[in-house]
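Notes follow the structure.
The values are calculated or read from the model by the stated rules, or taken from the named source; none is laboratory data. Quick caveat, the model's predicted, so the values are computed rather than measured. Positions of Cβ are backbone-derived with ideal geometry, glycine not excepted, and every protein chain shown enters the neighbour counts. These area figures cover heavy atoms from the full protein model, side chains too; ligands, DNA and RNA do not enter into them. Shrake-Rupley method; radii C 1.70, N 1.55, O 1.52, S 1.80 Å.
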Amino acid sequence: MVDVSDKPVTAREAVARGRIHIAPAAMRLARRGALPKGGIVEVARLAGVLAAKRTSDAIPLCHLLPLTHVDVELRPRRDGFEIEARVRTDARTGAEMEALHAVAVAALTVYDMVKAADRAMTISDIRLVGKTGGQRGEYVRRG
């Protein structure tokens, strides 16, 4: 792990996004809550929140962070969902990995819940879109 003991504790926030593309017929079932595993949005949101809290268990060199806020939102689109995670902490290192992990696990949860209706789903475009705090300050993804 990187030694962060000399860094000051600062307020930090990270926002990540990603997509899961779903076939139209399967998306219709998802919107109606007619999939065998039930409604997917709340389950995927909860999975993303739990993933953010357990990032250091999944990514070997990540620091365990005291998260102060995690929000995962799934926005239905015609061809699937856009997923956004927002993570806040007061720590010596940033929360980028926690936000990215939340998006990835939320997308995987959607895949698990929809796979009976569409095995050709695609998870894509998982990316950091912004962060604040720390030595490098603010980052906003362009484009």
- Message: Only one of Gly133, Gly80 is modelled with pLDDT of 95 or more and at positive phi. Can you tell me which?
- Response: Gly80
- Restricted to region 113-129, and to residues that are hydrophobic (A, V, I, L, M, F, W, C) and open to solvent by 40 Å² or more (accessible area, probe 1.4 Å), which residue is nearest to Ile22 (Cα to Cα)? Ala120
- Message: Here are the criteria: (1) under 30 Å from Ala25 (Cβ atoms); (2) without any contact (Cβ under 8 Å) to a residue 40 or more places away in the chain. Tell me which single one Phe81 does not satisfy.
- Response: (2)
- Kindly indicate the residue of region 88-109 that is under 12 Å from the mean Cα position of the chain (by Cα) and among the β-branched types (Val, Ile, Thr) and also farthest from Ile59 (Cα to Cα) among those meeting that condition. Thr109
- For region 23-73, what are the residues that are exposed (fewer than 15 other Cβ atoms within 10 Å of the Cβ) and hydroxyl-bearing (Ser, Thr, Tyr)? Thr68
- Item | Enumeration of residues in region 77-112 that are open to solvent by 60 Å² or more (accessible area, probe 1.4 Å), over 19 Å from Pro8 (Cβ atoms) and part of a strand (DSSP E or B) | Arg77, Arg86
- Task: Being over 18 Å from Leu67 (Cβ atoms) and of a type outside the set (A, V, I, L, M) is the filter here, so list the residues in region 9-32 that pass it.
- Result: Arg17, Gly18, Arg19, His21, Pro24, Arg28, Arg31, Arg32
- Message: If His63 satisfies all but one of (1) within 19 Å of Tyr139 (Cβ to Cβ); (2) of a type outside the set (Ser, Thr, Tyr); (3) in a strand (DSSP E or B), what's the number of the condition it fails?
- Response: (3)
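Yes/no per residue for (1) more than 15 Å from Ala106 (Cα to Cα); (2) not hydrophobic (A, V, I, L, M, F, W, C):
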{"residue": "Val2", "(1), (2)": "yes, no"}
{"residue": "Asp6", "(1), (2)": "yes, yes"}
{"residue": "Leu50", "(1), (2)": "no, no"}
{"residue": "Arg54", "(1), (2)": "no, yes"}
{"residue": "Leu64", "(1), (2)": "yes, no"}
- Query: Can you tell me how many residues in region 22-38 are over 23 Å from the mean Cα position of the chain (by Cα), over 9 Å from Ala116 (Cβ atoms) and outside any helix (DSSP H, G or I)?
  - Reply: 1
- Query: Residues in region 108-131: is at least one within 30 Å of Asp3 (Cα to Cα) and touching a Ser or Thr at 6+ places or on another chain (Cβ under 8 Å)?
  - Reply: no
